[in-house]
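Asker: Mind having a look at this structure? Questions to follow.
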Amino acid sequence: MSVPMGNVFPKLKRTMSEEEFSTSSVILPDLNIRLICPICKNPQPKIIEEYVNGDLVCGECGLVLSDHIIDTRSEWRTFQNDDNEKDASRVGAPADPFLPGAALETMISSKGKGDLTKTHFKATVDKNTLTLKHTLHEIEAMCTLMDLSKEVIDTTKQLYKRTVEEKVIRGKNKIAFYAACIYVACRVSKVARSFKEICASTQVSKKHLAHAVKNLVATFELNMGLMTSEDLMTRFCNRLGLTPDIERIYSKISQRIEELGLLTGRTQNTIAAATIHFITNALNIPMSIEKIALVSGMAVHSIKSVSRMIYSEKKKLSDLLGD
């Protein structure tokens, strides 16, 4: 028996267009939840959240509308006042991604029994984690003294953590590896810091620093590239108060010097300092060689010696000074 097509495919109900829906008389229920004071009955109430007492209070008549509300704001700070008050935070410092388990541990309050605190500390705190935490604080302090950015600090911490995991540092000069991690992090982040600056800031000899850097490069197969005098030039010019025009001239002159092979074998610090001395003298900019030596960390006689080599080719560089 045949079945009418209308029974197999029933007609679909036509839906209203957006324009028809907006002009129709359909009224949807208002799902917004409004808290209105039963006394004032203001459609736009002034509700105040008193987190100290945990109350919701009407700002017009003072009626308490609700109590025991939860304070969703951030916790108290995690450092002490100048008047030696105790740390007000109840949740501790933020999680540290460089520590195992993100440093999520619980500490017994100092108000408890001394034996309980000691027992809990021994049972929960890992000595290796505690040592790593103190070391990372030392590294951060070193980086802060050198005015390094957070990116470099985090890179240094991550690199040191890897050295601990790979047991590269075992039985070796730890301070030298701190300095080596800082140096490598600067090179990776393209922040100009010379060997001499790192040694002066960390009190590590060049020999120990070079040995530690060599170990890191070999262990992690790092490709840091070569540091040029232009990497140091920007920072030296900023500290000497020189304008960006000097930096542009320096860039052109350094390229010409490299093409001439004039200062092959000289350190990048000496090249940067001597080139700045040459440019400032050629443009009659008052700048003492002693000040350049102080900023660059190089000896005055070394800067003078390299400057004389640059002056010997002044004719080949003079066209760049007039731009």
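Asker: So between C61 and A210, what do we pick up on full extension, going 0.36 nm a residue minus the alpha carbon distance? The partial results should precede the final answer.
Answerer: Working: separation 149, 0.36 × 149 = 53.64 nm, distance 7.40 nm.
Residue separation times 0.36 nm, minus the Cα-Cα distance, leaves 46.2 nm.
Asker: Ranked highest first by average number of other Cβ atoms within 10 Å, how do 48-54, 135-141, 186-192 line up? All intermediate terms of the calculation are to be shown ahead of the outcome.
Answerer: Values: 48-54: 11.9, 135-141: 15.6, 186-192: 18.3.
Ranking, from highest mean packing down: 186-192, 135-141, 48-54.
Asker: Counting only residues 5 or more places away or on other chains, whose amide H sits under 5 Å from the amide H of L65 once H atoms are built in the peptide plane?
Answerer: When sequence neighbours closer than 5 places are left aside, the close amide H contacts are L56, V57, C58.
Asker: For region 128-220, what are Rg and Dmax over the alpha carbons, in angstrom?
Answerer: Rg then Dmax for region 128-220, in Å: 11.8, 33.
Asker: Then there's this: For region 229-321, compute Rh as the Kirkwood radius over C-alpha pairs and then the Stokes-Einstein diffusion coefficient at 10 °C and 1.306 mPa s; write the answer in µm²/s, rounded to an integer. Please report the intermediate quantities before stating the final value.
Answerer: Working: Rh = 12.8 Å.
Reported coefficient: 124 µm²/s.
Asker: Sort 61-71, 244-254 for me by packing, meaning the mean count of neighbouring Cβ atoms within 10 Å per residue, highest on top. Present the calculation step by step, with values, prior to reporting the outcome.
Answerer: Values: 61-71: 11.4, 244-254: 16.3.
Averaged packing, sorted descending, gives the order 244-254, 61-71.
Asker: What residues qualify as long-range amide H neighbours of I47, i.e. H under 5 Å apart, gap of 5 or more or another chain, H built at 1.01 Å from N?
Answerer: The list, which skips near neighbours in sequence, is G59.
Asker: Same structure, new question: From the alpha carbon gyration tensor of region 142-290, can you work out the equivalent ellipsoid semi-axes (sqrt of 5 times each eigenvalue) and give them in Å, largest to smallest? Intermediate results must be reported in sequence, preceding the final value.
Answerer: On the way: eigenvalues 212, 49, 35 Å².
Calculated on Cα positions only, the semi-axes equal 33, 16, 13 Å.
Asker: Under the 0.36 nm per residue contour assumption, what length would be gained going from the current alpha-carbon distance of L283 and R239 to full extension? Kindly include the intermediate steps, with their values, before the conclusion.
Answerer: Numbers: separation 44, 0.36 × 44 = 15.84 nm, distance 1.87 nm.
Result: 14.0 nm gained on full extension.
Asker: Let me ask something else. So which of K174/K214; K157/K207; K190/K316; K172/K214 end up more than 20 Å apart, counting from Cα to Cα? Please list the in-between numbers first.
Answerer: Numbers: K174/K214 14 Å; K157/K207 23 Å; K190/K316 31 Å; K172/K214 13 Å.
Cα-Cα > 20 Å for K157/K207; K190/K316; rest within.
Asker: Quick check: the distance between the Cα centres of region 40-67 and region 194-241, to the nearest angstrom?
Answerer: Computed from Cα coordinates, the inter-centre distance equals 61 Å.
Asker: Here's another thing I want to ask about it. Efficiency by 1/(1 + (r/R0)^6): what FRET value for E259 and K172, r their Cβ-Cβ distance, R0 = 51 Å, to the nearest 0.05? Working shown, then result.
Answerer: On the way: r = 42 Å, r/R0 = 0.82.
So, using R0 = 51 Å, E works out to roughly 0.75.
Asker: List, in order, the whole-Hz ³J(HN,Hα) value for each residue of region 45-51 obtained from phi through the Karplus relation with A = 6.51, B = -1.76, C = 1.60 and θ = phi - 60°; use x for Gly and Pro.
Answerer: Working through the residues one at a time gives x, 9, 9, 10, 9, 9, 5 Hz.
Asker: Label E313 and I69 with points 7 Å out from Cα along Cα→Cβ: what is the distance between them in nm?
Answerer: 7.4
Asker: Quick one: 3J(HN,Hα) in Hz for region 130-142, Karplus 6.51/-1.76/1.60 with θ = phi - 60°, rounded, Gly and Pro as x.
Answerer: In residue order, the calculated couplings are 5, 5, 4, 4, 5, 5, 5, 5, 5, 5, 4, 5, 4 Hz.
Computed from the coordinates by the stated procedures, all read-outs in this text should not be read as laboratory data. Owing to the predicted nature of the structure, the values given are computational and were not obtained by experimental measurement. A quick note on method: Cβ atoms are made from the backbone with ideal geometry, for glycine too, and the neighbour counts reach across all protein chains shown.
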